[in-house]
Amino acid sequence: MTADALITAALPRYWVPPGVYPPQTDTRLLERAMHREGVTAETDVLDLGTGSGVLAVQAARLGGHVTAVDISWRAIATAWLNALLNGQTLRVRHGDLATAVPGRRFDLVIANPPYVPAPGPRPPRGRARAWDAGTDGRLLIDRICDSAPTFLRPTGTLLIVHSHLCGVGATLTRLAEAGLRAEVVDRTLLPFGRVLRSRLAWLREQGLTAEGTTEELVVIRAEHT
């Protein structure tokens with residue numbers, strides 16, 4: 001059995017309605033990195049942009065005290081329901097990233113934000129809000145990097161997953177400028193999905209991809225220096 005198969009088998013039961021981001025390869029990659037952090041009953045966990053709540057539920061199954069945040073009311077309801085399906089308790093908060101938990105700091109913060117580059121200057125709407133993230137894909141990534149020191153405890157850790165199309169080096173640099181030590185701790189290659197295939201010509205015009213149709217996903221780990 002492959003590592004990804006093992007991760008998939010370990011995921012909790014879940015239900016995801018239309019309009020909420022379902023667990024995918026990036027979810028499994030982030031879940032694998034989270035397991036390596038050794039979540040215990042002493043770990044306060046924040047799941048930024050929880051979506052289906054699958055990762056938040058998994059962190060709770062490991063014993064963590066978990067707060068799940070999302071700006072989508074539908075995602076909030078889904079996370080709550082998936083916690084119920086698995087007999088777990090989450091603190092579920094509606095809001096825009098860490099502004100939903102003002103003044104709080106955490107031992108572990110996990111984030112699978114929207115990161116797909118999208119044409120047009122308008123903010124994403126409807127279902128696309130779960131994946132579209134501005135013309136460079138960094139609409140939320142940069143905000144998370146900049147604010148990370150405010151929601152991490154002195155010994156806390158941030159785990160964030162995104163595509164190479166957003167610029168892995170840009171994330172490492174942004175986190176360093178925020179005073180955090182960051183490195184890539186996991187990665188995987190996969191073919192472009194439906195959304196990226198539909199934008200292939202535009203992505204090439206923007207210089208975001210060459211002739212290939214393969215995407216690399218990375219998990220970046222950051223902590224205070």
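Can you list residues whose amide H is under 5 Å from residue 106's amide H, if they're 5+ apart or on another chain and H is modeled 1.01 Å from N?
For residue 106, the qualifying residues are 152, 153.
Looking at region 105-212, which GluC sites (Glu not before Pro) are in a loop (DSSP not H, G, I, E or B) and have at most 12 other Cβ atoms within 10 Å?
Listed in order of number, the matching sites are 211.
In 10 Å bins starting at 0, how do the alpha-carbon pair distances of the chain split up by percent?
8, 35, 39, 16, 2
How do the peptides 187-198, 144-155, 105-116, 72-83 rank, highest first, by the average count of neighbouring beta carbon atoms within 10 Å per residue?
Peptide ranking by packing, descending: 105-116, 72-83, 144-155, 187-198.
Could you give the length gained by full extension between residue 173 and residue 194, i.e. 0.36 nm per residue of separation minus their alpha carbon distance, to one decimal place?
Going from the current span to full extension adds 4.6 nm.
Could you tell me what percent of the accessible area of the chain is made up of carbon and sulfur, with a 1.4 Å probe and every protein chain present?
53 percent
For residue 92, list long-range residues whose amide hydrogen, built 1.01 Å from N in the peptide plane, is under 5 Å from its own amide hydrogen.
68
Can you tell me, using C-alpha contacts under 8 Å and at least 6 residues apart, the relative contact order of region 1-115 as a whole percent?
It rounds to 28 percent for region 1-115.
Under a crude label model (7 Å from the Cα following the beta-carbon direction), how far is residue 211 from residue 81 in nanometres?
Output for this residue pair reads 4.7 nm.
Sticking with the crude label model, points 7 Å out along Cα→Cβ, report the distance from residue 96 to residue 204 in nm, one decimal please.
For the pair residue 96/residue 204, the computed spacing is 3.7 nm.
Each label point is 7 Å from the Cα along the Cα-to-Cβ direction; what then is the distance between the points at residue 146 and residue 41, in nm?
Taking the simple label geometry, residue 146 and residue 41 are separated by 4.1 nm.
The values are calculated or read from the model by the stated rules, or taken from the named source; none is laboratory data. What you are looking at is a predicted structure, and each value in this text was computed from that prediction instead of being measured. As a convention, Cβ positions derive from the backbone with ideal geometry for all residues, glycine included, and neighbour counts pool all protein chains shown. Please note that ligands, DNA and RNA were not included when accessible areas were found on the heavy atoms of the full protein model with its side chains. Shrake-Rupley method; radii C 1.70, N 1.55, O 1.52, S 1.80 Å.
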